[in-house]
Amino acid sequence: MEVLITADRIHARVEELATEIARTYDGKPVTVVGILTGCLMFTADLIRRINLPLRVAFITASSYRGETLVPGLLEIRDELLPDIAGKHILLLDDILDTGKTLTRVVAHLIDRGAASVKVGVLLRKIGRQEVPFEPDFVGFTIPDKFVVGYGLDFNDEYRHLPFVGVLLGGE
Ligand code: 5GP
Ligand code: MG
Ligand code: MG
């Protein structure tokens, strides 16, 4: 494992993002919606530092790229989501890669009646985006490498690591 972003750097940046987010919403209540499971650490660490009236909820978005007959299909499940009609949503995900997941989930939340949707991602991969999408809050931009840790998995492992790293051969 090669450490790409240390736990200390993540915490410092999350602190900055929380300040930026509180300034942006300027006292307005916000509903934070995390995309499970990758959003786990980022959401937990970020919301503890956001000084706003805040609700938190979760949805899942699973893509079946390369796994089934329907390439690019995204299944969004929102049974755990409270009524978001008229609410200002801050959508959080671990990483912006092609941009397809976030594009679809934003449309879904607007469809459910959200008053506004802003997007925060811990990581944004350079050179991978396939659809135009501009997140409002970005922790770090990273090179085009497959990363794990701090919520990000490989076969559901490595999510618990406190840093973001790159798997080397044989791990
Ligand atoms: P997108 O729809 O933007 O292509 O995909 C975003 C999702 O793909 C992320 O929420 C994450 O689940 C997964 N993903 C993309 N790049 C990586 C990566 O480098 N590492 C891991 N663990 N997941 C990734
Ligand atoms: Mg994901
Ligand atoms: Mg994954």
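Laboratory data are not the source of any read-out in this text; all were calculated from the coordinates shown. Small disclaimer: the values here were computed from a predicted structure and weren't measured. Using ideal geometry, Cβ is built from the backbone for each residue, glycine included, and neighbour counts are taken over all protein chains shown.
With each label point set 7 Å from Cα along the Cα-Cβ vector, what nm distance links Leu80 and Ser62?
Those two pseudo-labels are separated by 1.4 nm.
With a sphere of radius 12 Å drawn around the Cβ of Arg49, what net charge do the other residues whose Cβ falls strictly inside it have (Lys, Arg +1; Asp, Glu -1)? Show your work: numbers first, answer last.
Details: positive: Arg13, Arg48; negative: Glu15, Glu16, Glu20, Asp45.
Taking every other residue near Arg49 into account, the sum is -2.
Can you give me the Cα centroid spacing of the stretch 35-57 and the stretch 70-143 in angstrom?
Each part reduced to its Cα centre gives a spacing of 14 Å.
If you put +1 on each Lys and Arg Cβ and -1 on each Asp and Glu Cβ, how big is the dipole of the chain around its Cα centre, in Debye rounded to 20? Can you show the working numbers first?
Values: 19 positive and 24 negative charges, 89 e Å.
Charge dipole of the chain: 420 debye, to the nearest 20.
What nm value, rounded to one decimal, do you get for the distance between Ser116 and Asp136 when each label is placed 7 Å out toward the C-beta?
It works out to 0.6 nm between the two label points.
Over the Cα atoms of the stretch 1-52, compute the convex hull volume and normalise it per residue, giving Å³. Mind dumping the intermediate values first?
Details: hull volume 4.1 nm³, N = 52.
Enclosed volume per residue, from the Cα hull, is 80 Å³.
Rounded to the nearest 5, what is the percent of antiparallel bridges among the DSSP beta bridges in the stretch 8-142?
Antiparallel bridges: around 15 percent, rounded to the nearest 5.
List every DSSP H helix in the chain whose Cα atoms extend 24 Å or more along the helix's own long axis and whose mean Kyte-Doolittle hydropathy is at least -1.0.
Values: long enough: 7-25 (27 Å, -0.48).
Membrane-span-like by this criterion, though nothing is claimed about a membrane: 7-25.
Which order, highest average first, do 159-165, 111-117 follow once you tally other Cβ atoms within 10 Å for each residue and take the mean per peptide? It would help to have the intermediate numbers written out before the result.
Numbers: 159-165: 17.4, 111-117: 14.7.
Result, highest mean first: 159-165, 111-117.
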